[in-house]
1. By accessible area of protein heavy atoms, probe 1.4 Å, what ranking do ILE199, ILE70 get, highest first?
2. With the contact rule set at Cα under 8 Å and sequence spacing of 6 or more, what percent relative contact order holds for region 55-114?
3. Can you give the accessible area of SER96 in Å² (nearest 10), computed on protein heavy atoms with a 1.4 Å probe?
4. Using Cα positions and a limit of under 26 Å, work out the lysines in reach of LYS174, with same-chain residues fewer than 8 apart set aside.
5. Can you tell me the accessible area per residue over region 2-85, all protein chains present, probe 1.4 angstrom, in square angstrom?
6. Ratio to report: Rg/Rh of region 96-135, with Cα atoms as the point set and Rh obtained by the Kirkwood method; give two decimals.
7. For the charge dipole of region 1-136, defined by +1 on Lys and Arg C-beta atoms and -1 on Asp and Glu C-beta atoms about the Cα centroid, which residue among MET86, VAL16, PRO65 has the Cα displaced farthest towards the positive pole?
8. When the dipole is taken about the Cα centre of region 86-136, and only Lys, Arg (+1) and Asp, Glu (-1) are charged at their Cβ, what size is it in debye, to the nearest 20?
Amino acid sequence: MTDQGETADTITILLVEDDAPTCWRLQDALVKAGYEVRTAGTLGQARNTLDDAAPRVLLTDLRLPDGHGIELIRETRRRFPDTEIMVISALGDEESVISAITVGATGYLLKDAFPTDIATTVRDLVAGHSPISASIARFIVRRTQTSAEPPPGPALNTAKLTPREIDILWGIAKGFSYAEIASHLGLSRQTVPGHIKNIYRKLEVHTRSEAVFEAVQQGLIKL
């Protein structure tokens, strides 16, 4: 048993969804896919469940009866940095998406995704990917393309990242898993997390999404 309350083969999920039929459909698909699932219908219930054990994955809606999912994401990221967090919401506006990513979400799917697709996506999330619904990915790209162009000249690189770290950061931005990054760069799979910790420390960030955003801002990588 790990410190996140799971065996080596079981991925534990906390599903936070206040709409009962939606919660049931998602839970059913996740359980059939082999996950161990606990559910909560409110922010308060989710907090109580987290007090018992940290899940490997948190799947949460944003609009909850007693608060906002952003609060839960922020608290979970602070308390359990190894927990993967993905939003499943009907809210696809820019403010909701950017807020969720900024406080610690590493994936964002709209509720129009099929439950079975969401179940498959969880394994991608755990493998190191950052699943994002296509429509959301498009407006993030457009937002980046329409932002002010950086001044001419070399990249800022105020964080003093090494060329190897910039290569790894590019792989993160493309959604590659640790194993894929290692294979592409000819590294050992075990060394990639260490490089990523150094990147986080130098950029003063805590999640993959924050690291990519900061790297784009500094002109270190282009999406």
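The values are calculated or read from the model by the stated rules, or taken from the named source; none is laboratory data. All of these numbers come straight from a predicted model, not from anything done at the bench. Neighbour counts are summed over all protein chains in view; Cβ atoms, including those assigned to glycine, are modelled from backbone coordinates with ideal geometry. Please note that ligands, DNA and RNA were not included when accessible areas were found on the heavy atoms of the full protein model with its side chains. Shrake-Rupley method; radii C 1.70, N 1.55, O 1.52, S 1.80 Å.
1. Listed by decreasing accessible area, they come as ILE70, ILE199.
2. Result for region 55-114 is 37 percent.
3. Answer for SER96: close to 20 Å² accessible.
4. Hits, sequence-local ones excluded: LYS111, LYS160, LYS197, LYS202, LYS222.
5. Accessible surface, normalised per residue, equals 47 Å².
6. We get a ratio of 0.96 for region 96-135.
7. Farthest towards the positive end: MET86.
8. So the magnitude is around 200 debye.
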